[in-house]
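The values are calculated or read from the model by the stated rules, or taken from the named source; none is laboratory data. Remember, predicted model here, so these are calculated numbers, not experimental data. Quick reminder, even Gly has a Cβ in these numbers, built from the backbone with ideal geometry, and neighbours come from all protein chains shown. These accessible areas exclude ligands, DNA and RNA; they are computed on the full protein's heavy atoms, side chains included. Shrake-Rupley method; radii C 1.70, N 1.55, O 1.52, S 1.80 Å.
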Amino acid sequence: MKFSEIKFNFLCPKIIFGKGRIGELGQEIVKTLKPKGNEHPKTFLITGKSSLKKSGYLEKIRSSLEDLKIDLEIYDKAGKEPTTTILNKGKEIALEQKANIIVGIGGGSVMDTAKGIAGLVTNGGIVEDYHAGKEFLKAPLPFILIPSTSGTGSEVTNNAVIKNEDSGVKKSIRGLWASLALLDPKITLYLPKKYTAYAGADALVQAIESLVSKGSNFISVFFAKEAIKLLGPNLPKVYDDLANIDLRDKMMLGSLLDGLSFANGKLGAVHGFAHPIGIKYDLPHGLICGLLLPYVMEYNRPLNNVAEKYVWIAELFNKEKILTNYGECPKSLPTDNKGKSKWIIEKIKDIFQYIGIPLHLSDVGIREEDIDDIVKDTTGSSLANNPRDTDKQILKKILLNAL
Ligand SMILES: [Fe+2]
């Protein structure tokens, strides 16, 4: 591509990144709201049921906000997934409390809950209205997102996936940008092994899907490559060394760069499949994404522009000597590009297998007779941005290969 042909749109919130920077939360709330005289900002803090309390961070936050005379109301009902009930109820409480800023601390579900409540507070109505097509025309209540995992990238995207409890359907609501994404890798030191693996797998899958997506552009590709450089080599290392802050730092930075990439460059068929499978089988998002990526890569590989990027990843992972004494992937990288683009798929299977992600759908209880149902519900913008076009027959074939 010639430089004169470069065009892109790039959107993201204000970002603060670094170890220990959660201590700046109070100052950032003051900077965002600029309270006058005796005004006390009222913070509505959304989190999960227990992990923040267990880690001791909740008490640290509480005392640092008290020092700045910032009132705090905690809503710890954000669970494994954001639902219409949790959001609608949260909005009512935030309004009753006259909250003027929302803070969401947790994984993707907590951050999506915070986004949705911030939008509902200023725009009115209930989530179901927005699922039915209503738009957020007013700016949301200011909100700050603090991820506790290195994986979802939700802190820098403007959409939230919410489950309708009546219909069981998950649907995005969009247009909700955080006032600030505050990333402190120290928080992730408390994340257990299994969730470190699933979140890291999700981040690596998102970065690879974004790298080759139809929606990618000059800058989203730049961020995807930088994300892959951090996530690929460090995912198996952090899995073996959870208390290593240096590795946690690299994973969180990789996850942020991946979020910036796909928020602007979109995803692909893995994420098209991930939503219906996640709903039907109650499987962790990162697990299902990691399991399916090699099969979707194999389908996309015949496209020249995709294969070129797979070769780039293969050469990078070979140079980094990732898991050279583990798994099925041949030790030496083939010399031809076709061989390299196949080699990287095997290497990615090895990485995911090493961190405990199954290689086949049958390993997680999905049977051949379930596949038509999954394919029927595989739709949406991620699928539309897969680099190689698909149809229902092709989707079925990919899943059969993954069985
Ligand atoms: Fe994902």
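Just a few scattered comments:
- Identity of the residue in region 262-295, more than 13 Å from the ligand (Cβ to nearest atom) and more than 14 Å from the chain's Cα centre (by Cα), that ends up nearest to Phe222 (Cα to Cα): Pro294
- Subset of region 199-251 (residues that are more than 16 Å from the ligand (Cβ to nearest atom), touching a Pro at 6+ places or on another chain (Cβ under 7 Å) and not β-branched (Val, Ile, Thr)): Lys214, Arg248, Asp249
- When each of Ser216, Ser255 is tested for being among the hydroxyl-bearing types (Ser, Thr, Tyr), out of contact with any Phe, Trp or Tyr (no Cβ under 8 Å at 6 or more places or on another chain) and outside any helix (DSSP H, G or I), the lone residue that passes is Ser216.
- Taken over region 237-276, the criterion of being of a type in the set (Lys, Arg) and either touching a Lys or Arg at 6+ places or on another chain (Cβ under 6 Å) or within 20 Å of Ile162 (Cα to Cα) (or both) is satisfied by Lys266 alone.
- Of the residues making up region 263-278, those that are modelled with pLDDT of 95 or more and either part of a loop (DSSP other than H, G, I, E, B) or open to solvent by 30 Å² or more (accessible area, probe 1.4 Å) (or both) are Lys266, Leu267, Gly268.
- Filter result for Leu189 (aliphatic (A, V, I, L, M), open to solvent by 10 Å² or more (accessible area, probe 1.4 Å) and either farther than 30 Å from Asp377 by Cα or within 16 Å of the ligand (Cβ to nearest atom) (or both)): yes
- Top-ranked residue in region 111-141 [being assigned to a helix (DSSP H, G or I) and without any contact (Cβ under 8 Å) to a residue 40 or more places away in the chain; ranked as least open to solvent (accessible area, probe 1.4 Å)]: Leu120
- When Val161, Val156 are checked against the criterion of being open to solvent by less than 10 Å² (accessible area, probe 1.4 Å), within 16 Å of the ligand (Cβ to nearest atom) and either of a type outside the set (S, T, N, Q) or not assigned by TED's automatic domain parsing to the domain that holds Lys19 (or both), Val156 stands alone in meeting it.
- Any hit, region 386-394, residues being closer than 20 Å to Leu283 by Cα, open to solvent by 40 Å² or more (accessible area, probe 1.4 Å) and in a loop (DSSP other than H, G, I, E, B): no
- Any chance Ala94 is under 25 Å from Lys54 (Cα atoms), touching a Gly at 6+ places or on another chain (Cβ under 6 Å) and buried (at least 18 other Cβ atoms within 10 Å of the Cβ): no
- Just one of the listed residues (Tyr295, Tyr281) is surrounded by fewer than 21 Cβ atoms within 10 Å (Cβ to Cβ), hydroxyl-bearing (Ser, Thr, Tyr) and in contact (Cβ under 8 Å) with a residue 40 or more places away in the chain, and it is Tyr281.
- Checking Thr335 against (1) free of Cβ contacts under 8 Å to residues at least 24 places away in the same chain; (2) β-branched (Val, Ile, Thr); (3) surrounded by 15 or more Cβ atoms within 10 Å (Cβ to Cβ), the condition it does not meet: (3)
- Applying the criterion of being open to solvent by 10 Å² or more (accessible area, probe 1.4 Å) and not polar (S, T, N, Q) to the residues of region 41-51, the residue that is farthest from Thr113 (Cα to Cα) is Lys42.
- Qualifying residue in region 351-358 (condition: out of contact with any strand residue (DSSP E or B) (no Cβ under 7 Å at 6 or more places or on another chain), loosely packed, with under 15 Cβ neighbours inside 10 Å and without any contact (Cβ under 8 Å) to a residue 24 or more places away in the chain): no
- Of all residues making up region 63-76, the number that are surrounded by 15 or more Cβ atoms within 10 Å (Cβ to Cβ), under 25 Å from Leu189 (Cβ atoms) and not β-branched (Val, Ile, Thr): 5
- The set of residues from region 225-241 being open to solvent by 50 Å² or more (accessible area, probe 1.4 Å) and either of a type in the set (A, V, I, L, M, F, W, C) or in contact (Cβ under 8 Å) with a residue 40 or more places away in the chain (or both) comprises Lys225, Lys229.
- Where helices (runs of 4 or more DSSP H) sit wholly within region 1-100, those with at least 3 residues that are within 26 Å of Asn264 (Cβ to Cβ) occupy 25-33.
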